[in-house]
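Structure, as structure tokens:
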Amino acid sequence: MKSLVYNNAKLLTVVDKEIPEAGSSEVVIKIAYCGICGTDRHIYHGIMDERVKPPMTFGHEMSGTIHELGAGVTGYEKGQKVTVRPLDPDKDCIACRMGYSHICQNLNFIGVDSEGAFQQYWKVKADILHALPEDMDLEVAALTEPLAVACHDVSRSGLKKGDRVAIIGGGPIGLLIALLAQLDGADVRLLEISKERRDVAEDMGIKTIDSLTVNPVEAVFQWTGGDGADIVFEVSGSKPGAALMTGLARPRGVIVLVGIFGAPAEVVLKEIFLRELDIRGARVYQSEDFDRAIKLLHENKAPWRKVISKVASLEDAQSCFESLDEQADLMKILIKGN
């Protein structure tokens, strides 16, 4: 089989490997598609070398079919469409004991801390599989993992129908949060400095604010009649986003931190005090978020497919990563496994 390998910063190669064999509690999946996410781009740039041990195959946003079942695996069958929730907790730390294994303090994030899905066949434990409907398009199904992220983010926010939601950052996760919030009855504004990304969002029916050429705080307060947003999602992971987020929320509003900050960022703490704001972290997803994401994609009540910008081969993966660095309007690129 073919496998995409990270060697060092900005150097990927496609190598030949033996197709793995399933252990008793494992399955081997024939990969249909695997999406490139922000974490994968960090890996590509060498930012995560303290966790990724090259040469290693990475990737985790996937869809596929079962190629082989281990002898002890029940409830699945060969050829069945599946996706993987790529979390392997230790089941012993305080987070796991509290029932929050997705934020395990010693989490093995599969595809980052261990081998991932940018290959033609992938061996995983059967207990992290999620079955897909038989008639589900595997291309769209590759959005399950990122949409599960959005489902978890929205769940953490406590969003209600009629809420006014401001989203800082118009990348793939920002778009998915916006689409989901609108589907759940919220009034949404996406704050984004890139015209190309705003154009992509507007094409999906998401209203945007150009936070580079207008004062975003004034724009949000004008939109909300002087109140401020009920919920603010910080998705950019940027220092300007962190500095901005508390200024957008109404009194006792909720701010959800979605973006990953690799370094300390300035936050206007006075706004938290004056308005009694609630700041919540949101990390990856729980099993029920995956179940909801699959249901939403299958029902097709939002333009999920428009998040997919391109489908490419394993051999073209290097150029795809380069393109994502150069073209702001590229959202989700899927790498085809077979």
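The values are calculated or read from the model by the stated rules, or taken from the named source; none is laboratory data. Everything numeric here is computed off the predicted structure, so don't read it as measured data. No Cβ is skipped: glycine too gets one built from the backbone with ideal geometry, and neighbour counts run over all protein chains shown. Remember, those area values only see protein heavy atoms, side chains included, never the ligands or the DNA or RNA. Shrake-Rupley method; radii C 1.70, N 1.55, O 1.52, S 1.80 Å.
Considering only lysines 8 or more places apart in sequence, or on different chains, count the pairs in region 1-80 whose C-alpha atoms sit under 15 Å apart.
Numbers: LYS2/LYS17; LYS2/LYS30; LYS10/LYS53; LYS17/LYS30; LYS30/LYS78.
Close lysine pairs found across region 1-80: 5.
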Q | Accessible surface, 1.4 Å probe, highest first, among residues THR246, THR65 | A | THR65, THR246
Q. Using a ≥ b ≥ c from the Cα gyration tensor of region 96-165 (square roots of the eigenvalues), is it rounded, prolate or oblate, where a/c under 1.5 gives rounded and otherwise the larger of a/b and b/c decides, a/b for prolate?
A. oblate
Q) Of TYR76, TYR33, which has the most accessible area and how do the rest follow, probe 1.4 Å? A) TYR76, TYR33
Q: Could you please state how large a percent of the accessible area of the chain is carbon and sulfur, counting protein chains only and using a 1.4 Å probe?
A: 49 percent
Q. So between LYS270 and ASP184, what do we pick up on full extension, going 0.36 nm a residue minus the alpha carbon distance?
A. 27.8 nm
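Rank LEU244, LEU212 by accessible area, highest first, at a 1.4 Å probe radius? Intermediate values should be presented prior to the final figure.
On the way: LEU244 30, LEU212 120 Å².
Order by accessible area, largest first: LEU212, LEU244.
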Q.
Rounded to whole Å, give me the distance from the Cα center of region 118-193 to that of region 1-49.
A. 22 Å
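Given the Cα-Cα distance of ILE94 and ALA312 and 0.36 nm per residue of separation, how much length would full extension add, in nm? Numbers along the way, then the final one.
Details: separation 218, 0.36 × 218 = 78.48 nm, distance 4.14 nm.
So the extension gain works out to 74.3 nm.
Using mean Cβ contacts within 10 Å as the protection proxy, how do 330-336, 69-75 order, highest first? Each step should come with its number before you reach the end.
Details: 330-336: 22.9, 69-75: 13.4.
For the peptides 330-336, 69-75, the packing ranking is 330-336, 69-75.
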Q: Using the charge dipole of the chain (Lys, Arg: +1 at Cβ; Asp, Glu: -1 at Cβ; taken about the Cα centre), state which of CYS37, GLN318, LEU212 has its Cα farthest towards the positive end.
A: LEU212
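Hey, can you find the accessible area per residue of region 54-213 for me, probe 1.4 Å, expressed in square angstrom?
Numbers: 6280 Å² over 160 residues.
Dividing the accessible area of region 54-213 by its residue count gives 39 Å².
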Q: Taking a cut-off of 21 Å between Cα atoms, list the lysines near LYS270, but don't count ones fewer than 8 places away on the same chain.
A: LYS239
Q | With all protein chains modelled, accessible area of THR83 [1.4 Å, Å²] | A | 0 Å²
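In percent, how large is the relative contact order of the chain, given Cα pairs closer than 8 Å and 6 or more residues apart? It would help to have the intermediate numbers written out before the result.
Values: 755 pairs, mean separation 63.6, N = 338.
Dividing the mean separation by the residue count of the chain yields 19 percent.
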Q.
Could you compute how much accessible surface TRP304 exposes when probed at 1.4 Å, giving the result in Å² to the nearest 10?
A. 0 Å²
Q. Percent relative contact order of region 180-276, based on C-alpha pairs within less than 8 angstrom and at least six residues apart?
A. 20 percent
Q.
Rounded, prolate or oblate, given the Cα gyration tensor of region 21-63, with a/c below 1.5 counting as rounded?
A. oblate
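From the Cα gyration tensor of region 1-134, with a ≥ b ≥ c the square roots of its eigenvalues, which class applies: rounded if a/c is under 1.5, or else prolate if a/b is larger than b/c, or else oblate? Walk me through the intermediate numbers first.
Values: a/c = 1.91, a/b = 1.11, b/c = 1.72.
Since a/c reaches 1.5 but b/c is at least a/b, the shape of region 1-134 is classed as oblate.
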Q: Counting only GluC sites (Glu not before Pro) that are in a DSSP loop and have at most 13 other C-beta atoms within 10 Å, tell me the longest site-free stretch of the chain.
A: 135-265
Q: Mind giving me the nanometre distance, one decimal, between the label points for ARG305 and GLU134, set 7 Å out from Cα along Cα→Cβ?
A: 2.2 nm
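If the chain between ASN106 and THR13 were fully stretched, how many nm would it gain, using 0.36 nm times the residue separation less the Cα-Cα distance? Could you put the intermediate results ahead of the total?
Details: separation 93, 0.36 × 93 = 33.48 nm, distance 2.96 nm.
Using 0.36 nm per residue and subtracting the Cα-Cα distance, I get 30.5 nm.
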Q. How far, in degrees from 0 to 90, does helix 172-183 lean away from the longest principal axis of the Cα atoms of the chain, to the nearest 10?
A. 70 degrees
